[in-house]
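The values are calculated or read from the model by the stated rules, or taken from the named source; none is laboratory data. Just so it is clear, the structure is predicted and the values come from calculations on it, not from any experiment. So basically every Cβ, Gly included, is an ideal-geometry build from the backbone, and we count neighbours across all protein chains shown. The accessibility values were calculated without ligands, DNA or RNA, using every heavy atom of the protein model including side chains. Shrake-Rupley method; radii C 1.70, N 1.55, O 1.52, S 1.80 Å.
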Amino acid sequence: MLDLRTQYARISADVDGAIARVVAGQRFIGGAEVEALERSIAERCDVPEAVACGSGSDALLLSLMALGVGPGDRVVCPAFTFFSTAAAITRLGAVPVFADIDPESFCSEVDAVRRASERAGAPAAIIVAHLFGRAAAMDPLVALAAELDVPLVEDAAQAIAARDDSGNAVGGRGDLGCLSFYPTKNLGAYGDGGMVLAADTGMAARLRLLRDHGGDATGRHEEVGINSRLDAVQAAVLAAKLPHLDAWTNARQSHAAAYRDLLGELGAGVGAGSFDGLVLPVRLPAAPRGPASHVFHHYVLRVPADRRDALRTHLARAGIDSGVYYPVPLHRQPCFASPDGDTPALPAAEAAAREVLSIPVHPELSKDQIGIVVDEIRAFFERTA
Ligand SMILES: *Cc1c(COP(=O)(O)O)cnc(C)c1O
């Protein structure tokens, strides 16, 4: 699914130099490297403020803490996303209220978020996710949050550099936006890292306190924060990698276009009933300021549920990695079971969990490798037809 060794070989001079610089300076937590990265990412994402922290999971946790979410509060979040989107809510003693997703994009979708907000009563916050690198349709979600007067948090951990339906960078439309620099993300560190994007300077200042135990420069603590700081080695590595992000994103998009052409020739489509039910991601324009874009953190097929795992096994035998993100929707996780036992039916999230299959789309993939993946998918469907 990834080829980080090849990526490193191509940028090793820059990365090694960046790491050596930090080691020579002996300033390992915070400092100029971290501040410079915060400014570069804020600029890159068109937001006034960016606050670095220890991980994407902590970015979510810190966001909710900064918004004052606490015990008993209800927070709306997607039922189909990475675990930590909802875990941040539970960690604060608040209750996740799960929203269904858009079946076509796998992202948050306004009608489902509205229904979940109604179930929640008066939610303390709404979290939406840009899943797999696809930007959610933000205009209606921003309007809904304004109508309900609820703060909006974007989980953009998988979608750095994607643009939404109004051409704005993801992460900058809500009150707060969360990024992850986990090594496998589109912009990955050499360890954990994350960042919160903030439109409001007061909110950014609060996040800076909360990530450092809640204390100010005089040693006074108005409240208890957490320890979640980005270290300078990670900031330096990320700064060395950031200039390559556009080229890597373009490579992912061109691999996705190649899959679409090759699998499309076999008859796979975007609707049911095509090529034995194999469904491809919808084609989206890649124009940097065009309509909503997709940065293909994952290239996600839908495969009929009864054959998904068999296709996975077939690919594995041919030496091809694939992944199922995510096999269990969050509202079906035992740890999030509601005390009154009433789990809502969220059909789009449940179908996605049964049908998704991610195939390799990382920037270092070659055209030959893409051809092999397509050939093996064809062989599987011919054999099982
Ligand atoms: C990776 C990810 C996170 C968490 O980021 P970490 O840096 O791994 O803590 C949160 N949400 C989504 C959607 C993610 O993909």
Take the residues in segment 194-210 that are open to solvent by 50 Å² or more (accessible area, probe 1.4 Å) and under 10 Å from L176 (Cα atoms), then tell me which one is farthest from the ligand (Cβ to nearest atom).
D200
Failed condition for G171, given (1) away from the ligand (no atom under 16 Å from the Cβ); (2) open to solvent by less than 10 Å² (accessible area, probe 1.4 Å); (3) in a loop (DSSP other than H, G, I, E, B); (4) not hydrophobic (A, V, I, L, M, F, W, C)
(1)
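Which count do you get for residues in segment 126-140 that are among the small types (G, A, S), touching an Asp or Glu at 6+ places or on another chain (Cβ under 8 Å) and within 16 Å of the ligand (Cβ to nearest atom)?
3
For the structure I just gave you, tell me whether L144 is away from the ligand (no atom under 12 Å from the Cβ) and open to solvent by less than 10 Å² (accessible area, probe 1.4 Å).
So L144 fits the description; yes.
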S84: passes all of (1) within 14 Å of the ligand (Cβ to nearest atom); (2) within 16 Å of A352 (Cβ to Cβ) but (2)
May I ask you to verify whether R74 is away from the ligand (no atom under 13 Å from the Cβ) and either open to solvent by 10 Å² or more (accessible area, probe 1.4 Å) or among the aromatic types (F, W, Y) (or both)?
yes
Over segment 174-193, the set of residues more than 12 Å from the ligand (Cβ to nearest atom) and crowded, with 19+ Cβ neighbours inside 10 Å is G174, D175, L176
Which of the residues belonging to segment 31-45 are within 15 Å of the ligand (Cβ to nearest atom) and either open to solvent by 50 Å² or more (accessible area, probe 1.4 Å) or in a strand (DSSP E or B) (or both)?
none
Which residues, counting only those in segment 90-132, are closer than 17 Å to T343 by Cβ and in a strand (DSSP E or B)?
V95, P96, V97, F98, A99, I101
Kindly indicate whether G93 is open to solvent by 10 Å² or more (accessible area, probe 1.4 Å), more than 16 Å from the ligand (Cβ to nearest atom), free of Cβ contacts under 8 Å to residues at least 40 places away in the same chain and among the small types (G, A, S).
yes
Segments classed as helices (runs of 4 or more DSSP H), wholly inside segment 305-385, with at least 1 members that are free of Cβ contacts under 8 Å to residues at least 12 places away in the same chain
305-317, 367-384
Of the conditions (1) open to solvent by 10 Å² or more (accessible area, probe 1.4 Å); (2) of a type in the set (V, I, T); (3) within 15 Å of the ligand (Cβ to nearest atom), V69 fails just one. Which one is it?
(3)
Take segment 152-168 and flag every residue that is away from the ligand (no atom under 13 Å from the Cβ) and either under 18 Å from L242 (Cβ atoms) or within 10 Å of the chain's Cα centre (by Cα) (or both).
A161, R163
With the checklist (1) open to solvent by less than 10 Å² (accessible area, probe 1.4 Å); (2) within 21 Å of S228 (Cβ to Cβ) in hand, flag the one item D164 doesn't pass.
(2)
Looking at segment 46-65, can you tell me whether even one residue there is of a type in the set (D, E, K, R), touching a helix residue (DSSP H, G or I) at 6+ places or on another chain (Cβ under 6 Å) and open to solvent by 10 Å² or more (accessible area, probe 1.4 Å)?
yes
Condition check for A161: at pLDDT below 95 and in a loop (DSSP other than H, G, I, E, B):
yes
